[in-house]
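**Student:** Sharing a structure with you now.
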Amino acid sequence: MDIKLKEIQQDYLNKIKTAKNLKDLDEIFLSLFGKNGEVTLLPKQFSQLDKEQLKKLGPLFNQVKQELEKVIGNRRQAIREESYKALENEEFTLPPLRWEAKQRTGHTHPLTAFEQHTAKIFNKLGFVQIDAPLIDTDYNNFEVLNIPENHPARDLWDTLYINSNLKTQNSKLLLRTHTSNSQIRALSQNKPPIRLMNIGRCFRYENVDARHEHTFEQFEIIYVDKGVSMANLQYLSEYFLKSIFGEDIKVRLKPKYYPFVEPGVGVDGLCIFCKGKGCRVCGGIGWLELAGAGMIHPNVLRAGDIDPKEYSGIAWGFGPARMAMIKYGIEDIRLFNSGELAFLEKF
Ligand code: FA5
């Protein structure tokens, strides 16, 4: 197996070296580290090895994995620098506008329009919009959501912390990683029945690709009342997704772990680009993850001064850009914030 590992290493070091652009690198990254990537799948064969072989192969595997990640990162940086250099020689001066030049009329950004439409759907169901800060405390973003410091689940969110001595609630400041930072505000400042939503920007130290941005929007829905159950979650998920995509949308709920819900689910929509076969856009999975959701954990309800014996609740965090990708057939999430007029004018 170490021969196979070395072959992968050599093969991909060559591919990385000759990658011409960031798209090529994304594809290389996925074929190594994606769900069915060569490096991802390799440890599944480790069970066939005896202890001695494993002792030798384990460190080699880690070393090759780290090397490939590092070389991809370096090549990514080099490609960026090459493209900046190429720009230095470009002539950017536009010819002066002539009086007959086409007058541009602005319009709402497609994502804003999509979010306004989504908000209207939930408005009709009695949900009211609330605000939550984009710069927040570690406490509101993680701790109160059942994710104490050093909890392994923190690895699910690559967080951007703010380098500052300023502390609120004796807690570090960060750029919120999800709109779930609105949960504690929604619960502690309102009495059930609660039907609230929060839409806004989130930030993560992401490996940016066709479906991951470092700055992206989320849409949080919070519903607390007596007798709320997973049946409400299933019904509302389908109701909402059918109102956006039409009756034919294929939706699946799969078990997913989030420490602030129990049980937790991922809400996926069938990838329209490959019809479930697996492609670059969905990362070979065949489905695009649209939301995380679940029954609000009793600890979180209690932190909001709501008695979990009397009330239960559900919450979702949708990714509007992922949904708009499916609705409008957009292959790359980065187009939304690219500022490319040729793209924006299609809407
Ligand atoms: C969360 O952020 C949880 N707060 C969701 C949640 C809310 C769970 C309430 C339970 C209860 P997750 O990291 O999976 O979960 O993100 C939720 C959705 O946001 C994803 O399904 C996806 O649609 C979108 N999303 C996440 N990361 C990115 C990204 N880097 N770029 C674009 N969209 C993203």
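The values are calculated or read from the model by the stated rules, or taken from the named source; none is laboratory data. Remember, it's a predicted structure, so these values are computed and weren't measured experimentally. In this analysis, Cβ positions are derived from the backbone assuming ideal geometry, glycine residues included, and neighbour counts consider all displayed protein chains. These area figures cover heavy atoms from the full protein model, side chains too; ligands, DNA and RNA do not enter into them. Shrake-Rupley method; radii C 1.70, N 1.55, O 1.52, S 1.80 Å.
**Student:** Starting from the residue with the highest accessible area, list TYR205, TYR311 in decreasing order, probe 1.4 Å.
**Tutor:** On the way: TYR205 165, TYR311 45 Å².
Descending accessible area places them as TYR205, TYR311.
**Student:** Using the Cα centre of the chain as origin and beta-carbon charges of +1 (Lys, Arg) and -1 (Asp, Glu), tell me which of TYR161, SER237, LEU87 is placed farthest towards the positive end of the dipole.
**Tutor:** Going by the charge dipole, the pick is SER237.
**Student:** Same structure, new question: So between HIS107 and THR40, what do we pick up on full extension, going 0.36 nm a residue minus the alpha carbon distance?
**Tutor:** Going from the current span to full extension adds 19.8 nm.
**Student:** Still on this structure, I have one more. With point charges of +1 on the Cβ of Lys and Arg and -1 on the Cβ of Asp and Glu, referenced to the Cα centre of the chain, which listed residue (ASN62, ASN198, TYR311) lies farthest in the positive direction of the dipole?
**Tutor:** TYR311
**Student:** Could you give the distance between the Cα centres of the range 204-259 and the range 100-144, to the whole Å?
**Tutor:** 15
**Student:** Rounded to whole Hz and in sequence order, give me ³J(HN,Hα) for the range 300-307 from the Karplus expression 6.51 cos²θ - 1.76 cosθ + 1.60, θ = phi - 60°, writing x for Gly and Pro.
**Tutor:** With coefficients 6.51, -1.76 and 1.60, one gets 6, 4, 4, 4, x, 6, 10, 7 Hz.
**Student:** Once the other residues with Cβ under 14 Å from the Cβ of LEU125 are scored (Lys, Arg +1; Asp, Glu -1), what is the net sum?
**Tutor:** +2
**Student:** Filter the trypsin sites (Lys or Arg not before Pro) in the range 202-298 to those in DSSP coil with at most 14 other Cβ atoms within 10 Å of their Cβ, and list the result.
**Tutor:** Qualifying residues, ordered by number: LYS226, LYS250, LYS275, LYS277.
**Student:** A further question on this structure: So which residue, out of LYS17, LYS85, LYS65, gets the largest mean-square fluctuation from a GNM of the chain using Cα contacts under 10 Å as springs?
**Tutor:** In the Gaussian network model the winner is LYS85.
**Student:** Roughly speaking, what is the stretch gain from LYS55 to ASP307, that is 0.36 nm per residue apart minus the C-alpha to C-alpha distance, in nm to one decimal? The partial results should precede the final answer.
**Tutor:** Values: separation 252, 0.36 × 252 = 90.72 nm, distance 5.08 nm.
Computed gain between LYS55 and ASP307 is 85.6 nm.
**Student:** Grab the Cα-Cα distance for ASN123 and LYS226, subtract it from 0.36 nm times how many residues apart they are, and report the gain in nm with one decimal.
**Tutor:** Extra length available between ASN123 and LYS226 comes to 35.0 nm.
**Student:** Next question, about the same structure. Cut-off under 20 Å on the C-alpha distance; same-chain residues fewer than 8 positions from LYS327 excluded. Which aspartates and glutamates are left, in chain and number order?
**Tutor:** Straight-line reach from LYS327, under 20 Å: GLU115, ASP209, GLU213, GLU217, GLU220, GLU238, GLU247, ASP248, ASP268, GLU289, GLU340, GLU345.
**Student:** Using only alpha carbon pairs under 8 Å that are at least six residues apart, calculate the relative contact order of the range 110-344 and give it in whole percent.
**Tutor:** 21
**Student:** A further question follows. Enumerate by residue number the GluC sites (Glu not before Pro) in the range 1-110 meeting two conditions: DSSP loop (anything except H, G, I, E, B), and at most 16 other Cβ atoms within 10 Å of the site's Cβ.
**Tutor:** Within the range 1-110, the qualifying GluC sites (Glu not before Pro) (loop, at most 16 other Cβ atoms within 10 Å) are GLU90, GLU91, GLU100.
**Student:** Another question, then. Given a 1.4 angstrom probe, I'd like the percentage of the accessible area of the chain that is carbon and sulfur, rounded to a whole number.
**Tutor:** On the way: 10100 of 19500 Å².
Roughly 52 percent, rounded to a whole number.
**Student:** Given a 1.4 Å probe, how much area per residue of the chain is accessible, in Å²?
**Tutor:** 56
**Student:** Whole angstrom only: what separates the Cα centroid of the range 41-57 from the Cα centroid of the range 170-187?
**Tutor:** Taking the Cα centre of the range 170-187 as reference, the centre of the range 41-57 is 41 Å away.
**Student:** Just to check I understand the Karplus step: with θ = phi - 60° and J = 6.51 cos²θ - 1.76 cosθ + 1.60, what whole-Hz values come out for the range 200-213, glycine and proline as x?
**Tutor:** These are the phi-based 3J(HN,Hα) values: x, 6, 9, 9, 9, 7, 8, 7, 5, 8, 4, 10, 10, 10 Hz.
**Student:** Restricting the count to DSSP beta bridges whose residues both fall in the chain, what percent are antiparallel, rounded to a multiple of 5?
**Tutor:** Bridges in the chain that DSSP calls antiparallel: roughly 95 percent.
**Student:** What dipole magnitude, in Debye to the nearest 20, does the range 250-347 give about its Cα centre under +1 on Lys/Arg Cβ and -1 on Asp/Glu Cβ?
**Tutor:** 480
**Student:** Take each uninterrupted DSSP H stretch in the chain, measure its Cα extent along the helix axis, and return the ones at 18 Å or beyond whose mean Kyte-Doolittle hydropathy is at least 0.0.
**Tutor:** Qualifying helices: 230-245.
**Student:** Moving on. Label-point separation (nm) for LYS242 and ALA153, each offset 7 Å from Cα along Cα-to-Cβ?
**Tutor:** A separation of 3.1 nm, rounded to one decimal place.
**Student:** In the structure displayed, which of LYS65/LYS254; LYS35/LYS65; LYS20/LYS275; LYS35/LYS56; LYS242/LYS346; LYS20/LYS85 lie more than 19 Å apart, Cα to Cα? Let's see the in-between values first.
**Tutor:** Numbers: LYS65/LYS254 29 Å; LYS35/LYS65 15 Å; LYS20/LYS275 29 Å; LYS35/LYS56 25 Å; LYS242/LYS346 24 Å; LYS20/LYS85 15 Å.
With Cα atoms farther than 19 Å apart: LYS65/LYS254; LYS20/LYS275; LYS35/LYS56; LYS242/LYS346.
**Student:** Leaving ligands, DNA and RNA out of it, work out the accessible area of ILE79 with a 1.4 Å probe and give it in Å² to the nearest 10.
**Tutor:** 10
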